1. Just one of the numbered conditions (1) at pLDDT 90 or above; (2) exposed (fewer than 14 other Cβ atoms within 10 Å of the Cβ) is not true of Leu111; which one?
2. Name, by its number, the condition in (1) modelled with pLDDT under 85; (2) loosely packed, with under 11 Cβ neighbours inside 10 Å; (3) under 22 Å from Pro124 (Cα atoms) that does not hold for Ala20.
3. Do you know which residues across the stretch 374-408 are touching a Gly at 6+ places or on another chain (Cβ under 9 Å), within 13 Å of Val446 (Cβ to Cβ) and open to solvent by less than 70 Å² (accessible area, probe 1.4 Å)?
4. Against the definition (in a loop (DSSP other than H, G, I, E, B) and in contact (Cβ under 8 Å) with a residue 40 or more places away in the chain), how does Asp392 come out, yes or no?
5. Kindly provide the set of residues from the stretch 24-47 that are modelled with pLDDT of 85 or more and closer than 11 Å to Phe110 by Cα, ordered by number.
6. Six or more apart or on different chains, Cβ atoms under 9 Å: show the pairs whose first residue is in the stretch 412-427 and in a loop (DSSP other than H, G, I, E, B) and whose second is modelled with pLDDT under 90.
7. Among the numbered criteria (1) closer than 23 Å to Val57 by Cβ; (2) in a helix (DSSP H, G or I); (3) of a type outside the set (D, E, K, R); (4) at pLDDT 95 or above, which one does Ala368 miss?
8. Condition first: surrounded by fewer than 21 Cβ atoms within 10 Å (Cβ to Cβ), polar (S, T, N, Q) and touching a Pro at 6+ places or on another chain (Cβ under 7 Å). Can you find one or more residues in the stretch 418-428 that meet it?
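The values are calculated or read from the model by the stated rules, or taken from the named source; none is laboratory data. No experiment lies behind these values; they were computed from the predicted model shown. For neighbour counting, all protein chains shown are included, and Cβ atoms are generated from backbone atoms with ideal geometry for every residue, glycine included. These accessible areas exclude ligands, DNA and RNA; they are computed on the full protein's heavy atoms, side chains included. Shrake-Rupley method; radii C 1.70, N 1.55, O 1.52, S 1.80 Å.
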Amino acid sequence: MSRRYFAVGIFIIAGATLFALGIFLVGSRHEAFARHMLLYTEFANLDGVTKGSKVQVAGMDAGQVTRIVVPRSPDGQFRVQMKVDEQFHGLIRSDSVVTVDTEGVVGNTFLTIHTGSPNSPIAPADSLLQSKPPISMSDLLTHGLGIMNDADATLKQVGGKLNTALDGVNGAVGNANDLLIGLKEGRGPAGMLLRDEKVADQIRETMSNVQSTTTNLKQASAGVSSIVADVQQRQLPQKLDDTMVQIHSATTQATATIEQVHQSLTQALGPDINGVTAGQNISQALTNVNVATGNMAEDTEALKHNFFFKGFFRQRGYYNLSSISPRDYRRGRLFTSPNTPRVWLQADSLFQQGTDGSEELSKDGKRAIDSAVQSFGDSIFTHPIVVEGYSDAAAPADALSRSYARAQVVRNYLEARYPFEARNVGVMPLNATPPTGLEHGKWSGVCILVAEKE
């Protein structure tokens, strides 16, 4: 009987332990035990954003929408409450902008909080962030259809004018052909002149008259000289100079008008209120679309594998960096293993200060990155790549923001120069602390590593 009670007790203890472990895992998955802060933004059109929608900061999952307040009038705006993980506080500045994005083309809608400039202060909790109205796919399709209709109408007009011009050319060629045939046959005045011998004798006589006329022209040149002197006395050259001055003035005004048009184009294509140019906005939008599509493909593939997706990531041999925090990344074997292939690049030889005050790659830095890619060999094209950013700034928030910015600059260069897929190149901001045991107690710059499969 005592053995039976002992077995029942072990079963109850094991069941309670598994139950507590399951609650901890589920709570960790939904970030129930993490510290959060509340932020707000406003939109005139939510475009599919609902309560519970995901919130990302710089491409990483950071929280969710917890509340939406409906406006009382048509000219009001929806007030959206967002719960964001406290560890992303350093990336959210007072000039950060909130946009509505979509996972792929027909995926779920979520909010993205873009990182602000490093010189702006950190946005406090319960603050109201700026927002950008979402771009509707139907508006883009309607605009594209209008452009296609205009192009079709223009092509039809050009085709009609070309047909008319070709008809005129064909008629002119026919007339010229008839004229040549008539000349050869001696029809018309011109044909008679070409075929009549008497006319040729008359032409010879005319040339003799021309020679005598030349002598008369020499005598008339003296009279022309007197006429030129009279023109100079009447100050006609001065009147010509005045006309040229007026033409020069008109040319100067035309040049000023062209400069105004050039200035307007520069302002239209220049940086916005966040210091980002139109080309950079388009590039960032395309990068977000590629990242969202890659995330959707990986999440769909993960559902086909083992419980809690652990087997899926173990099989791939690397982390899903879009859903892992720097703290969890430090605990992984990819970060702590001394056998992971790494190349360390120092900030002083890698970056230079740009015109807007931010860091950008120098020529020596680009050559250093190219050398690092060559040192990895073919494995860098068949395995995922992680760009770790490091910064030794005094303030923790500034260190996190600068380390993320440095890793992002290197990642953009790798994707632009080499045939890497966007989902296979990840970034991870790690302040100034590299893994122990690698002869680097403190680092400022980046580290490029290849996540080789086991």
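1. Single failed check for Leu111: (2).
2. (3)
3. Residues satisfying the conditions are Ile385, Val386, Val387, Gly389, Tyr390, Ser391, Ser403, Tyr404, Ala405, Arg406, Ala407, Gln408.
4. So Asp392 passes the test.
5. The answer is Leu46, and nothing else.
6. Tyr418/Ile380; Tyr418/Phe381; Pro419/Phe381; Phe420/Ile380; Phe420/Phe381; Glu421/Asn290; Glu421/Gly294
7. The one condition Ala368 does not meet is (1).
8. Yes, the conditions are met somewhere in the stretch 418-428.
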